[in-house]
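The values are calculated or read from the model by the stated rules, or taken from the named source; none is laboratory data. Just so it is clear, the structure is predicted and the values come from calculations on it, not from any experiment. Cβ sites come from the backbone with ideal geometry, for glycine too, and all protein chains shown count toward neighbours. Surface accessibility is based on the protein's heavy atoms, side chains included, excluding ligands, DNA and RNA. Shrake-Rupley method; radii C 1.70, N 1.55, O 1.52, S 1.80 Å.
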Amino acid sequence: MMKKQKRLIMMRGPSGSGKTTFAKDKYPDAIHCSADEYFEDLADLNGTTYADEFQPWLLSQAHQHCYNQFIHAIKIDEPIVVIDNTNICIWEMENYVLLASHFGYKIEVQAMPKQNPHTLAERNAHGVPLHIIERQMKNYEHAPWYYGDDEE
């Protein structure tokens with residue numbers, strides 16, 4: 001029996017672009033790792049909301065939490081692992097890509113289509129302000145190790 005290829009799905013796009021909805025719909029059985037989960041877990045634990053728990057100075061902890069979940073998932077050979085962060089800059093993806101490749105995962109990038117930043121600011125679930133979304137869009141870097149439809 002042939003073993004199925006393990007896959008790492010890197011979601012990319014500014015806040016509010018639909019990454020989480022898309023990932024949960026397309027990969028319902030995957031392990032989903034995200035920095036947002038850190039704040040959602042805190043909110044669940046404390047009986048509050050994401051907005052109550054989100055603090056910018058905790059972002060590094062949130063991203064470390066996400067990376068730890070990812071490491072656990074690939075060490076136990078989960079067949080599909082989704083990284084559901086904005087992944088705007090290449091450096092944000094590099095450690096995931098390098099480690100997943102080392103563990104035999106095929107890397108796939110799922111970039112969300114370009115959208116109006118005002119729409120994204122109104123729609124995003126975590127209250128990310130327009131100026132941050134505009135900065136995310138301005139700083140978006142094409143991934144040189146991926147030659148798909150990553151850039152518009």
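For the range 85-124, the candidate set comprises residues that are among the charged types (D, E, K, R) and more than 12 Å from L8 (Cβ to Cβ); within that set, the residue that is nearest to the chain's Cα centre (by Cα) is E92.
Every test in (1) part of a strand (DSSP E or B); (2) of a type outside the set (G, A, S); (3) at pLDDT 95 or above is passed by V109 save one, and that test is (3). Screening the range 55-108 for residues that are acidic (D, E) and in contact with a strand residue (DSSP E or B) (Cβ under 8 Å, 6 or more places away or on another chain) and picking the one that is least open to solvent (accessible area, probe 1.4 Å) gives D84.
For the range 32-39, the condition holds for no residue, the condition being that it is among the hydroxyl-bearing types (S, T, Y), at pLDDT 95 or above and over 20 Å from E92 (Cα atoms). The residues of the range 6-54 that are assigned to a loop (DSSP other than H, G, I, E, B) and crowded, with 16+ Cβ neighbours inside 10 Å, listed by number, are G13, P14, S15, G16, S17, G18, Y27, A30, S34, F54.
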